[in-house]
Structure formats: C-alpha cells, structure tokens
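Novice: Here's a structure for you.
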Amino acid sequence: MPPFEVPEGDPFGPHNLPYGVFSRAGSQERTVGVRLGDHVLDAGAAALALGSPYAALLARPTLNPLLAAGRTAWSDVRRALTAWVTVPAHQETVAPFLHPLDSVTLHLPFEVADYVDFYASENHARNVGQIFRPDAADSLTPNWKHLPIGYHGRSGTVVVSGTDVVRPAGQRKGPADPEPVFGPSVRLDIEAEVGFVVGVPSRTGRPVSLESFREHVFGLCLLNDWSARDVQAWEYVPLGPFLGKSFATSVSAWITPLDALEDARVAPPRRTHPLLPYLDDAADGPGGYDLRISVAINGHTVSEPPFSTMYWTAAQQLAHMTVNGASLRTGDLYGSGTVSGPEPAQRGSLLELTWNGREPLELPDGKRTFLEDGDVVTLSAWAPGPDGTRVGLGEVTGRIVTA
Ligand code: MN
C-alpha cells in the first residue's frame with residue numbers, strides 16, 4: 001500500500017499526526033518526524049522541499065523550537081502538515097521524505113525541562129489510602145479534594161519508550177525488619193499515566209489561569225512512572241517520593257497535539273467540594289480527555305484505565321503548579337498521576353491490581369505481584385477522533401533488566 005494510503009480505521013491516519021524525533025539508519029542526525037500510519041514523515045526535509053516557512057521549526061533535532069512557537073504556530077503547522085499528506089500536489093513532493101517506521105530510530109522528542117507528577121485519580125488515591133492507611137476514617141487525605149497533590153520528579157531520568165529500565169536498588173524496611181536493608185527493589189511497579197508537555201513559558205510571579213491552559217500546553221503522551229514501592233514506603237515520610245521514583249520515567253516517542261484531541265474532550269467528574277477561584281472550572285468547558293488506556297505485561301492486557309475518570313484536569317494542575325508565582329519553561333513535563341477507574345480491571349498500578357501483593361495476577365507466564373526481571377510493560381491508548389475515527393497515542397514500553 002502506498003504510504004499515503006493509511007488503512008481505514010488506522011488510529012494514526014491524517015487526523016492524528018503526532019510529533020516525534022527520529023534518525024535514519026547509519027545516521028546520527030536527529031530531526032522532527034510526524035507519524036502517518038506505519039511511516040514517519042521527515043517534516044523538516046518536507047518543509048524545505050516545499051519552501052515552507054515552518055522549516056525553521058521542523059528541521060530541528062528536537063521539538064523544543066516548535067513547542068516554544070505557541071498556539072497560532074502550532075495550528076498553522078498542523079494545517080500545513082495535513083495538506084502535505086492529503087493533497088495530491090503536495091504528496092508528490094513530500095513522498096521521498098516518508099520512511100517506514102521500522103527503518104528509523106526514535107528518540108526522546110523534546111528536552112525535558114522540569115518534571116512534576118500529580119495524583120489526580122480519586123479511585124487511585126482511595127485505593128492507596130485503603131492499602132496504606134486502613135485505619136483512617138477517610139481513605140483520602142483532608143487536602144485531596146481542595147488541591148491537585150503533586151511532587152517534583154527528576155527530569156534527567158525521563159527516557160523514551162523502548163529504553164530498558166534497570167531495576168533500582170535502595171533502602172527498604174519491611175514491618176518485620178528490625179533494621180533497614182539495602183538491595184535491588186523487590187516491589188518494582190508501574191504507574192499508567194498521561195504526561196502533558198508545556199510549550200510556551202510563563203513569567204515568574206504570573207500564575208497561569210485555567211483559561212490559558214491551551215496557550216501553554218502543546219500536547220500529551222503516555223507516561224509510565226516506574227515506582228519502587230519498598231523504597232518509596234520507607235523514604236516518603238515526611239517529604240514525599242524521592243529515590244523510589246527518580247530512577248526512570250518512560251514517555252512515548254510521540255507527542256499528540258491537543259489539536260488532534262478536540263473530539264475527546266469531556267467534562268471531568270462532578271466536583272464534590274467547592275473549589276477556590278483559581279481552580280474552579282465550572283465555567284471552563286470540558287477539561288477532561290476521554291483516553292482509553294491499556295496496560296500489558298509481556299503482551300497480556302492486565303488493565304484498561306479510563307482517563308475520563310480523573311478528578312483533577314490538566315488545566316487545574318497547570319494553574320495549581322503556577323499559582324505561587326513559579327514560572328514555566330518550554331519542555332516542562334507534568335504527569336497526571338496514576339490513572340485508575342472504579343473497576344478492579346481499570347487500576348493503573350500493580351500495587352492496586354494485586355492489592356499490595358496480596359492478590360497476585362495470573363498471567364500466561366505465571367503469577368505476578370510486582371515486576372520480574374525481563375518483564376516488558378507496554379501502555380497504549382486511543383481517543384475518539386473526528387467522524388468516528390480513533391486517535392492513537394504512541395505506546396510507551398520498557399523492559400526490566402537486572403540491577
Ligand atoms: Mn506517579
């Protein structure tokens with residue numbers, strides 16, 4: 001099939017066009033690519049061949065210049081790309097710049113500035129509360145319904161899908177251990193999340209309002225917040241996650257622009273508590289996204305978390321992240337928090353799926369509580385697109401290797 005003829009129902013058709021960075025076999029040169037079906041368009045080379053002014057944003061080794069260019073440029077570039085891959089006169093010119101996906105190497109698509117991770121699923125927060133604080137009167141902490149809880153992660157260890165994850169080592173102290181012990185984590189877990197990518201920076205002292213979300217955030221991607229539960233449990237009081245999380249965070253090689261997800265916007269769950277004005281999104285339009293996520297271990301689906309159930313929206317998270325006057329930088333990345341739906345088969349972590357290891361999963365290759373060396377975890381997702389189509393999100397996969 002010619003590369004422009006994407007099969008009917010392909011979630012990476014011309015209605016999607018996510019952005020990545022790739023290099024060709026035998027070359028060290030990285031450049032921006034746009035995915036079309038099972039091909040990648042060398043967007044910079046196509047822009048140069050067409051004499052497009054967007055070559056300055058696309059013939060680059062990272063997405064950062066495009067991210068910084070802002071919403072008007074994002075929409076203009078997307079409109080141009082759509083024409084290049086759908087209008088026959090342009091197709092002829094850009095055809096030489098389409099390469100089969102399996103012939104290229106995909107790289108981390110942008111330089112990650114700061115990395116923040118949230119905790120926005122009420123189902124996840126309640127499950128974790130029940131597991132770790134079984135005697136508490138409320139499984140949610142008192143602040144949970146008033147602000148999106150988050151922590152600062154480590155941007156330097158954000159890796160692209162396909163990168164092996166070395167089992168982290170650290171301190172742990174189980175209830176029966178008289179003293180802490182050191183060694184490879186024995187409770188290595190996943191967190192199925194969605195990452196939001198900031199394009200346009202903001203100035204110190206100028207909080208970003210809910211309404212300005214789309215002026216600053218370029219797009220989203222799947223994200224796996226790998227977590228060493230044993231390290232986390234011993235270290236996290238009172239300052240929160242640290243080494244149990246900072247060893248690796250995997251993101252997809254493809255960033256889906258928000259413009260491709262207009263048909264996936266949905267209202268978030270009903271707000272059960274009044275919100276302070278900077279977080280009150282009652283009048284802000286549908287701030288949620290209907291993303292249907294799948295989690296597979298060694299090719300076997302173990303969970304299907306629905307992103308539409310997230311209590312806090314990405315716009316609220318951005319508003320909260322900047323309400324103290326903190327500025328944004330191009331390439332800032334923030335994770336949604338583990339996505340867990342109300343049903344057991346919709347939980348986005350092994351901590352919840354196995355109820356802290358007490359109820360092992362039965363996989364074709366044996367029982368699992370937490371991850372074993374050699375396990376391959378893959379997150380995938382799709383969202384409703386225009387005219388009944390599906391918009392695929394690029395998968396994020398990683399294999400656990402021995403410490
Ligand atoms: Mn997380």
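Novice: Across the stretch 235-256, what is the number of residues that are under 27 Å from Pro18 (Cβ atoms), away from the ligand (no atom under 16 Å from the Cβ) and part of a loop (DSSP other than H, G, I, E, B)?
Specialist: So the count comes out to 2.
Novice: If you take the residues in the stretch 166-194 that are within 16 Å of the ligand (Cβ to nearest atom) and part of a loop (DSSP other than H, G, I, E, B), which one is most open to solvent (accessible area, probe 1.4 Å)?
Specialist: Per the stated criteria, the residue is Arg187.
A quick yes/no check of all residues on (1) among the small types (Gly, Ala, Ser); (2) closer than 20 Å to Glu111 by Cβ; (3) free of Cβ contacts under 8 Å to residues at least 12 places away in the same chain; (4) open to solvent by 10 Å² or more (accessible area, probe 1.4 Å):
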site	(1), (2), (3), (4)
Pro18	no, yes, no, no
Arg24	no, no, no, yes
Gly33	yes, yes, no, no
Gly37	yes, no, no, no
Ala47	yes, no, no, no
Arg60	no, yes, no, yes
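Novice: Within the stretch 329-371, count every residue that is of a type outside the set (A, V, I, L, M), surrounded by 15 or more Cβ atoms within 10 Å (Cβ to Cβ) and farther than 30 Å from Gly70 by Cβ.
Specialist: Residues meeting the conditions: 16.
Novice: A further question on this structure: Which of the residues spanning the stretch 107-120 are among the hydroxyl-bearing types (Ser, Thr, Tyr) and more than 10 Å from the ligand (Cβ to nearest atom)?
Specialist: Of everything in the stretch 107-120, just one residue is among the hydroxyl-bearing types (Ser, Thr, Tyr) and more than 10 Å from the ligand (Cβ to nearest atom), namely Tyr115.
Novice: Related question: Which of the residues that make up the stretch 92-130 are closer than 20 Å to Gly33 by Cβ and of a type in the set (A, V, I, L, M, F, W, C)?
Specialist: Once the filter is applied, which keeps residues that are closer than 20 Å to Gly33 by Cβ and of a type in the set (A, V, I, L, M, F, W, C), the stretch 92-130 yields Val94, Ala95, Phe97, Leu98, Leu101, Val104, Leu106, Leu108, Phe110, Val112.
Novice: Let me ask something else. Inside the stretch 283-303, can you point out the residues that are within 15 Å of the chain's Cα centre (by Cα) and of a type outside the set (Ser, Thr, Tyr)?
Specialist: Answer for the stretch 283-303, where residues must be within 15 Å of the chain's Cα centre (by Cα) and of a type outside the set (Ser, Thr, Tyr): Gly288, Asp290, Leu291, Arg292, Ile293, Val295.
Novice: Can you name the residue in the stretch 208-227 that is among the polar types (S, T, N, Q) and buried (at least 20 other Cβ atoms within 10 Å of the Cβ) and, of all such residues, is nearest to Gly20 (Cα to Cα)?
Specialist: So the residue we want is Asn224.
Novice: To continue, here is another question. Just for the stretch 121-140: of the residues that are among the small types (Gly, Ala, Ser) and assigned to a loop (DSSP other than H, G, I, E, B), which one is farthest from the ligand (Cβ to nearest atom)?
Specialist: For the stretch 121-140, the residue satisfying everything is Ala137.
Novice: Still on this model: Is it the case that Pro180 is at pLDDT 95 or above and within 15 Å of Gly335 (Cα to Cα)?
Specialist: It is false that Pro180 is at pLDDT 95 or above and within 15 Å of Gly335 (Cα to Cα).
The values are calculated or read from the model by the stated rules, or taken from the named source; none is laboratory data. These numbers come from a predicted model, not from an experiment. Note that each Cβ is placed from the backbone with ideal geometry, even for glycine, and that neighbours are counted across all protein chains shown. Just so you know, the surface numbers come from the protein's heavy atoms only, side chains and all, with ligands and any DNA or RNA stripped out. Shrake-Rupley method; radii C 1.70, N 1.55, O 1.52, S 1.80 Å.
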